[in-house]
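Taking it in order: structure first as structure tokens, then the write-up.
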Amino acid sequence: MSHNKKWIVLFLLPAIILFSFVYAISLIVLIGTSFTDWSIGSSIHFVGIKNYIDLLRTPDFIKSILNTLIWIVLQSTIHIGIGVIFALILARKKWYFKMARTAFMIPNIISSAALGMLFLCVFNPQFGAVNNLIRLFGVKNFSHNWFMDPRTSFITVTLTWLPFAAVVAILILAEMASVDEGIYEAAKVDGASEFQTNIYVTLPMMKNIIGTATVLAATSMLQKLDIIMITTSGGPGNRTLNMPMFIYKTALSQNNFSLANTAGVYLIALGLISVVLINKIYGMGKSDV
């Protein structure tokens, strides 16, 4: 081994060790125990693919997959779209640029637990801002439990993740700052309007960063537990139950760790499929030249 390769291995070694202990070993244990019957207080024994089959026959698990898929799509389209529009507006750097950017980022610098409590107050049936606003417009004695009503719980939980659009906007703004101003000047000389410049010049050049933001948005939906736990706990019924919440309830409430780990394997598979599909849709990594 050459002298340079030895240094490369030496510098990579801490990261490799950390990855092995934190991720690789945990992943092996997760997959291995998914083929067993394991609960606290009882011995572990091999059951093959029984857990995988049982989960596909469990209505709550199927519902958690459907909810997670819907949230992935919504986060990857509506939330990303809002972030892109916001970035294009802020890129004009009008007088409100700094104020709007700061205000939009505030929800992303506080903890998810605090954000969940904030939304609980905003949608509170008695004193919440949403219900008070509706009363203000003439609907007397209006009182609606947004998080616990099956008709509105799903969309209300979805709204709690809207602040992620600020992260998308900041990522795109950072990428736009690296674009040569000469490109925009050439478009202006050719007679392109601001709208045409955004559609035919800016957005195509932002393809990779938008794809990266979409990957972050989609995968974030595979780990959302705190806000759901604080606001609805997956209810009412299983209306807002997602895969992380299902795993939490199966492991800690039902003491069925093998079934929870099997659901974890399904969750990892869904994440990998999502990332591959997004990469293909956006053609990330391919040259635009």
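Each value in this text was obtained by applying a stated rule to the coordinates, not by laboratory testing. Just so we're clear, the structure is a prediction, and the values are computed from it rather than from any experiment.
For the chain, averaging the sequence separation of C-alpha pairs within contact (under 8 Å, six or more residues apart) and dividing by the residue count gives a relative contact order of 29 percent. For the chain, the membrane-span-like helices by this rule, meaning whole DSSP H stretches whose C-alpha atoms cover at least 20 Å of axis and whose Kyte-Doolittle mean is -0.5 or above, are 3-19, 59-74, 257-282; this says nothing about an actual membrane. Its Cα gyration tensor gives the stretch 31-172 an equivalent ellipsoid. The semi-axes, each the square root of 5 times an eigenvalue, are 39, 24, 14 Å from largest down.
Only DSSP H runs of four or more residues enter the estimate; each adds -39500 (n - 2.57), and after division by the residues of the chain the mean residue ellipticity at 222 nm equals -18000 deg cm²/dmol.
Over the stretch 53-126, the alpha carbon radius of gyration divided by the compact-protein estimate 2.2 N^0.38 Å works out to 1.60.
For Met284, nonlocal amide neighbours, meaning residues 5 or more places apart or on other chains whose placed amide H falls under 5 Å from its own, do not occur. The 3J(HN,Hα) values that the Karplus relation (6.51, -1.76, 1.60; θ = phi - 60°) gives for the stretch 152-163 are, in residue order, 10, 4, 5, 5, 5, 5, 4, 5, 5, 9, 4, x Hz. Gly and Pro appear as x.
Near Thr36, the amide H atoms lying under 5 Å from its own belong to Val47; only residues 5 or more places off or on other chains count, and H is placed 1.01 Å from N.
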